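Asker: Attaching a single structure in structure tokens format; questions to follow.
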There are 4 protein chains.
Amino acid sequence: MAYARVETVGILTAGGDCPGLNAVLRAFVRTSARTATWKILGIPDGYEGLVNDAPFRTLDGDAVRGILPRGGTILGTSNRCNPFAVRHTVDGELTVTDESEKAVAKLRAHDVDVLVVVGGDGSLGVGLQLQRQYSIPVVGIPKTIDNDLSSTDITFGFDTAVATATDALDKLHSTAESHHRVMILEVMGRNAGWIALESGLAGGADIIVIPEIPFRVERIAEAILERGRRGIHFSMLVAAEGARPVGGEPILAQRVGPDGYPRLGGIGAWLVEQLSQHVGYEVRATVLGHLQRGGSPSPFDRVLASRLGAHAALLVGAGDFGKMVGVRGLEIVPVPIEHAVGVQKLVPPCGERVMTARHLGIAFGD
Amino acid sequence: MAYARVETVGILTAGGDCPGLNAVLRAFVRTSARTATWKILGIPDGYEGLVNDAPFRTLDGDAVRGILPRGGTILGTSNRCNPFAVRHTVDGELTVTDESEKAVAKLRAHDVDVLVVVGGDGSLGVGLQLQRQYSIPVVGIPKTIDNDLSSTDITFGFDTAVATATDALDKLHSTAESHHRVMILEVMGRNAGWIALESGLAGGADIIVIPEIPFRVERIAEAILERGRRGIHFSMLVAAEGARPVGGEPILAQRVGPDGYPRLGGIGAWLVEQLSQHVGYEVRATVLGHLQRGGSPSPFDRVLASRLGAHAALLVGAGDFGKMVGVRGLEIVPVPIEHAVGVQKLVPPCGERVMTARHLGIAFGD
Amino acid sequence: MAYARVETVGILTAGGDCPGLNAVLRAFVRTSARTATWKILGIPDGYEGLVNDAPFRTLDGDAVRGILPRGGTILGTSNRCNPFAVRHTVDGELTVTDESEKAVAKLRAHDVDVLVVVGGDGSLGVGLQLQRQYSIPVVGIPKTIDNDLSSTDITFGFDTAVATATDALDKLHSTAESHHRVMILEVMGRNAGWIALESGLAGGADIIVIPEIPFRVERIAEAILERGRRGIHFSMLVAAEGARPVGGEPILAQRVGPDGYPRLGGIGAWLVEQLSQHVGYEVRATVLGHLQRGGSPSPFDRVLASRLGAHAALLVGAGDFGKMVGVRGLEIVPVPIEHAVGVQKLVPPCGERVMTARHLGIAFGD
Amino acid sequence: MAYARVETVGILTAGGDCPGLNAVLRAFVRTSARTATWKILGIPDGYEGLVNDAPFRTLDGDAVRGILPRGGTILGTSNRCNPFAVRHTVDGELTVTDESEKAVAKLRAHDVDVLVVVGGDGSLGVGLQLQRQYSIPVVGIPKTIDNDLSSTDITFGFDTAVATATDALDKLHSTAESHHRVMILEVMGRNAGWIALESGLAGGADIIVIPEIPFRVERIAEAILERGRRGIHFSMLVAAEGARPVGGEPILAQRVGPDGYPRLGGIGAWLVEQLSQHVGYEVRATVLGHLQRGGSPSPFDRVLASRLGAHAALLVGAGDFGKMVGVRGLEIVPVPIEHAVGVQKLVPPCGERVMTARHLGIAFGD
């Protein structure tokens, strides 16, 4: 495909909210204005905007003015919508239908030549499938606050999420100390413990539990009691939501309501119950939840998101499709989407960061 | 008692953590150094330090250096310890004993002439009882993040708690909008809705539910749907933990575990369940919890706490006992503790702030 | 005038930028929508919008959506434009002309029944003059980050400015200590020292110099050296820009460039020069400048500005003209504008806040 | 030298303050405690502590408790002290003497086996010289907020400095817009424009001037006027202090007082003068100054500083002297100090970041 043919680019933001999405959109629009001639159409609400009737809107310089420091996405987004497997509930029964033809028809009706997908593992995979099955050229921009995408050193949103979690730890610290308590902060991370590990390092946690390193409650309790023997009668614990005991399921999986939403308390509440039986201190949990996805992106994330958005426009201009923009060291590099999807980047249990944490005296409960 | 006789002052911080406690201690110590000759003894862990064997420590200028911007309390604190009714659990059975004589003996053993209590309603009441029953002169400094103490316009810690809640609302706002969700923020306030009301006003909430104005779920749902009819497909709701439906108990009371800790979800989780049945949007709750009690105090709270600490020293110097330092308009005034305790300052349902909120379009679900 | 006749309200924001202006506008518009039927016209760029050709714009609910947390003013503003004395420079020569008739004609051409002025001392005075001379009913909303307006306990914007200055002090503190330096922070306050005093209290300053308490350099140096004798080899000094030595002019007045802008260094730079000759420590100054006027308003300021904006709408509805909305204790009250203008609220040199500061060990150099 | 012999390690922090120094010290001490047996001596006030009589202090776990989130350095620091060329002023005359023997004698008197230097280019070079000339084994930890050290991808302190500058831009933005002004923010960077470039990208600057890309005032003015023609009557400009016009000296160099301190206004004030003659807008400058060096380190800097401190301890343990710990991609690597000193890492004028900035519409005035 000759890239000179690109006249219209469609762009969507898919999946969970992530600080920096607006910076990506602004950079893509501004770079396109300076390096290309195509028109840009914003697709509302992620992939949902491809399978429903919501209108596309033109994204020009005015549309992206002033959005750099704002959280959220001006395009809207949706979770878990996949045009190849759209879920409908009719009369209480769930049906799954392939509506990819409808999605592609909508793209073609708007003369969309290239589709830019800002999304995580799943959303990028859907984009790749659209390219393979329907020859819609796709360019990806990786997005996850969990930082668990392979083929890129880091993703935007992560630094902001870590900052929110670290701020929470700073806040909880003085209360823990004043009340001689064990304070637990539950953070995001179903499969990967990056947010827990990084915020735990930054916030001076004493114990970190992550999915990659199964824990034993007794070992956690022992770390708390050992501090007590040294005269320090409080402890800070950061728990990734997907952490699990040795030989057991993630607590998350045991505590999910029928609609998939963890109503009844996750790892934080579970650890309160368990640890209260092993240590003589009060144990309290705070679940950070959605706060990690919101707020003005950190300067680091604003710059990273801007660089990725700008480079995605250059990829479109170069006709280099089926790629996403990734970070390698100080560089932005194109990466085949197929190398990025399907393989999660987990915390290496014996990697440098975990070893540094251990050197600092942080226990992992293993 | 001639106030010239004061040679030793004991000071304690009691009850839940509250940003500004350290600023109070610093101001009390510094003002004492400039206006008096007494020695100051810090009593550890609130009233617990009176009934156990923990040593008192001398508080001088060095002890309070650098603590102004720090959360927590360098003295430590404890919840619900009352020397007149100390709770012990022996063999699984709870016994309550009056240990006030022991407490007074410890004060006398340290030659404490005056006791300064930094605490809430309950702790100030205990101080008053010590004065009445044992002739220990007491001066009080009111402390509650809930701002529900009568006889003072405002309490330190409240402004910081509101700032934390407002920051959370700012963070949740963009996610709510991007995902077309109803976002609920559950904040502190078992009996009084001040934090919910003030942060709701500051954070641009659409709906606020507080204990003082019982709500109907249908009315809340109607406010959300009405916004939808105007094309605004998200809503922000702030709920005080003690909010309750018309004619019902507070949700809090229905959801407390046997140890008094709300394990199973409070008003936030309850509203998620209820509202999900009435509106077509996803509903999500975030429980702010202990984050509201921590962190560096806001400038407002640092100044207020400093003023109160300084004035408490002046009250001790003036021999004006049985009083606490209160705020009236721009002034710091002495207030008889007996006027302050036992009467909570609730949000007036038809007061100016609620009316302003209604004028701004905020619904209360009533 | 019967207030039932109000069909069109014009509103303008005048004078220097101030956090909370947008919150005022939002509250005025929203309260009007719920309590009245008038149309609201936004006048651009303060009084300049009355004497030039810029169009008015309708302010409705959509126009004020999402602006609560934003600094600045969506209407724009201008400094020192007075329709009764408009300054023009023609061929390098300054002429001053009365263009008030033109301003009134523009208001009348738009059928403006009532003019709402959000502004400081000067701007409110202009409003009052318009009412008196041309019978344009005026309602005022006081605005100044300096907090120096009489007839109101506090003004919005002040809390945010103090927070910015306090944050700067927190940042400078550790550098001062690590480098054994005297760090000076120059803050706003040409005539009144409120920002310096409040941020100095909140930020743990050792010395505060304000216009109301003339200082002697030797006394300031002595306070610094005294700390050194106690083993503390750094000091934090907050200086209001209008501070002046005993018997002298404000430094500000001596250092202003021909265009009124302090190019060559104000009190901060002057104190660096002077103190360097008296103490053996390095002395460094930071000028906070415009940073104090910007940023998202603090929760306190958002609520205060919202309350004032809402009450101004009620005043218009009540036909209570020639008044501004003021704060007295916990209440919002109408105050005759003539009582508010022309009299500055200065820091009482022997008032409670200054005495508290002295009790805390803060020197004023007097 | 057999590394098993290390019994005492001396550590100092040298040069300008930098957020993260305390995190480095904490990590070095904690990692040493877990991986080695040596005693650690803290040397006060950088290299000054080697040539004066100030006592060393033992650094153990207690000494570094609670310092992770704090700015500054608990060891103190000093600027420009070099034991090989100590400057004394006697009777108004400057003499420079080599006191390196005295420094080494002091180290030997304390049985210091290894010296760990946390410092910038100059301080690391002094360390290397001590090793070469006196066989004092040295390990370096690079420190500069300017991020201009070669042989490492990034330095701690930079992210925090950029956050402070970005926050300032966010604050100035709304005032610029409300007042139709050109707002200039002067940030650090005498030789390298990293802070200006990164904060300009993050803060949505319209114009960035840096030392590496000489500017023409006319080109800057043209960028401002071009915005005006598009209806945008304000502009944000970030200037590195060392920026210079095409063919000219840095403004900094022309404006420095006899003591090396820029009293009379640097690039910011100069641009106000110059631009005021070319554009019809008000132009205002803010000099961020020391605020960039202070404050609690960002989470990113806390983690980075902790990793470097931990790895420096491992280097000491491995006997790998003459090296500093550097960052390459996601790794911490040892780098010969001689490769790092003497070569500054400047912003590549045609590198990816500058090109991204241009794509975003940012002008560099060239």
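The values are calculated or read from the model by the stated rules, or taken from the named source; none is laboratory data. As the structure is a computational prediction, the values presented were derived from the model and not from experiment. A quick note on method: Cβ atoms are made from the backbone with ideal geometry, for glycine too, and the neighbour counts reach across all protein chains shown.
Asker: Return the residue satisfying two criteria in turn: it lies in segment D:265-309 and is in contact with a strand residue (DSSP E or B) (Cβ under 9 Å, 6 or more places away or on another chain) and among the basic types (Lys, Arg), and of such residues it is modelled with the lowest pLDDT.
Answerer: For segment D:265-309, the residue satisfying everything is D:Arg284.
Asker: Report the residue count in segment C:3-28 for those that are surrounded by fewer than 20 Cβ atoms within 10 Å (Cβ to Cβ) and assigned to a strand (DSSP E or B). It would help to see each step written out before you state the result.
Answerer: Step one: list which residues in segment C:3-28 are surrounded by fewer than 20 Cβ atoms within 10 Å (Cβ to Cβ), which gives C:3-5, C:7-8.
This time we only want the ones that are assigned to a strand (DSSP E or B), so: C:8.
Summing the residues that are surrounded by fewer than 20 Cβ atoms within 10 Å (Cβ to Cβ) and assigned to a strand (DSSP E or B) in segment C:3-28 gives 1.
Asker: Within segment A:176-212, take every residue that is among the polar types (S, T, N, Q) and within 14 Å of chain D (Cβ to nearest Cβ) and give me the one that is nearest to B:Gln292 (Cα to Cα). Steps first, answer last, please.
Answerer: Here is the first cut: in segment A:176-212, the ones among the polar types (S, T, N, Q) are A:178, A:191, A:199.
If we keep only those that are within 14 Å of chain D (Cβ to nearest Cβ) too, we end up with A:178, A:199.
Numbers: A:Ser178: 15, A:Ser199: 19 Å.
Top of the filtered list is A:Ser178.
Asker: Would you check which residues across segment B:29-59 are assigned to a strand (DSSP E or B) and either free of Cβ contacts under 8 Å to residues at least 12 places away in the same chain or not small (Gly, Ala, Ser) (or both) and list them?
Answerer: B:Lys39, B:Ile40, B:Leu41, B:Arg57, B:Thr58
Asker: Let me ask you something else. Tell me, yes or no, whether segment D:127-137 has at least one residue that is within 25 Å of the chain's Cα centre (by Cα), closer than 24 Å to D:Leu291 by Cβ and surrounded by fewer than 24 Cβ atoms within 10 Å (Cβ to Cβ).
Answerer: Taking every residue of segment D:127-137 in turn, none turns out to be within 25 Å of the chain's Cα centre (by Cα), closer than 24 Å to D:Leu291 by Cβ and surrounded by fewer than 24 Cβ atoms within 10 Å (Cβ to Cβ).
Asker: In this structure, does C:Val29 turn out to be closer than 26 Å to B:Asp167 by Cβ and in the same structural domain as C:Glu7 (by TED's automatic domain parsing)?
Answerer: Numbers: closer than 26 Å to B:Asp167 by Cβ: yes; in the same structural domain as C:Glu7 (by TED's automatic domain parsing): yes.
So C:Val29 passes the test.
Asker: Across segment C:196-224, which residue is surrounded by the most Cβ atoms within 10 Å (Cβ to Cβ) among those that are among the β-branched types (Val, Ile, Thr) and farther than 29 Å from D:Thr73 by Cα?
Answerer: C:Ile210
Asker: Moving on to the next point. With the requirement that a residue be small (Gly, Ala, Ser) and touching a Cys at 6+ places or on another chain (Cβ under 8 Å), what does segment D:19-65 give you?
Answerer: The one that is small (Gly, Ala, Ser) and touching a Cys at 6+ places or on another chain (Cβ under 8 Å): D:Gly46.
Asker: In segment C:149-163, which residues are within 7 Å of another protein chain (Cβ to nearest Cβ) and not small (Gly, Ala, Ser)?
Answerer: If the condition is that a residue be within 7 Å of another protein chain (Cβ to nearest Cβ) and not small (Gly, Ala, Ser), then C:Asp153, C:Asp159, C:Val162 are the ones that fit.
Asker: So, one more: Look through segment A:316-350, keep the residues that are among the β-branched types (Val, Ile, Thr) and at pLDDT 95 or above, and return whichever of them is surrounded by the fewest Cβ atoms within 10 Å (Cβ to Cβ).
Answerer: A:Val333
Asker: Go through (1) β-branched (Val, Ile, Thr); (2) surrounded by 14 or more Cβ atoms within 10 Å (Cβ to Cβ); (3) in contact with a strand residue (DSSP E or B) (Cβ under 7 Å, 6 or more places away or on another chain); (4) within 26 Å of C:Glu177 (Cα to Cα) and name the single condition D:Val114 misses.
Answerer: (4)
Asker: Of all residues in segment A:57-113 being touching a Lys or Arg at 6+ places or on another chain (Cβ under 7 Å) and aliphatic (A, V, I, L, M), which is nearest to the other protein chains (Cβ to nearest Cβ)?
Answerer: Only one residue fits best here, namely A:Leu68.
Asker: Check D:Arg26 against each of (1) in contact (Cβ under 8 Å) with a residue 40 or more places away in the chain; (2) more than 17 Å from D:Pro142 (Cα to Cα); (3) away from chain C (no Cβ under 12 Å) and name the one condition it does not meet.
Answerer: Against the list (1) in contact (Cβ under 8 Å) with a residue 40 or more places away in the chain; (2) more than 17 Å from D:Pro142 (Cα to Cα); (3) away from chain C (no Cβ under 12 Å), D:Arg26 comes up short only on (2).
Asker: Where in segment A:273-366 are there helices (runs of 4 or more DSSP H), lying fully within it, with 2 or more residues that are away from chain B (no Cβ under 14 Å) and of a type in the set (Gly, Ala, Ser)? Spell out how you get there, then give the answer.
Answerer: On the way: elements: A:299-318, A:337-340, A:352-359.
Of the helices (runs of 4 or more DSSP H) lying wholly inside segment A:273-366, those with at least 2 residues that are away from chain B (no Cβ under 14 Å) and of a type in the set (Gly, Ala, Ser) span A:299-318.
Asker: Being under 21 Å from A:Ile145 (Cα atoms) and of a type in the set (A, V, I, L, M) is the filter here; which residues of segment B:139-184 pass it?
Answerer: B:Ala168, B:Leu169, B:Leu172, B:Ala176, B:Met183
Asker: Considering only helices (runs of 4 or more DSSP H) fully contained in segment D:186-255, which possess at least 2 residues that are touching a residue at least 24 places away in the same chain (Cβ under 8 Å) and either of a type in the set (Val, Ile, Thr) or closer than 22 Å to A:Pro69 by Cα (or both)?
Answerer: Helices (runs of 4 or more DSSP H) meeting the threshold: D:194-202, D:217-229.
Asker: Kindly evaluate A:Gly46 against the criterion of being away from chain B (no Cβ under 14 Å) and at pLDDT 95 or above.
Answerer: Against the criterion (away from chain B (no Cβ under 14 Å) and at pLDDT 95 or above), A:Gly46 does not qualify.
Asker: Which pairs turn up if I take residues in segment C:76-92 that are of a type in the set (Val, Ile, Thr) and look for partners that are loosely packed, with under 15 Cβ neighbours inside 10 Å with beta carbon separation below 8 Å, at least 6 apart in sequence or on another chain?
Answerer: From segment C:76-92, the pairs are C:Val86/C:Val96; C:Val86/C:Thr97; C:Val86/C:Asp98; C:Thr89/C:Thr95.
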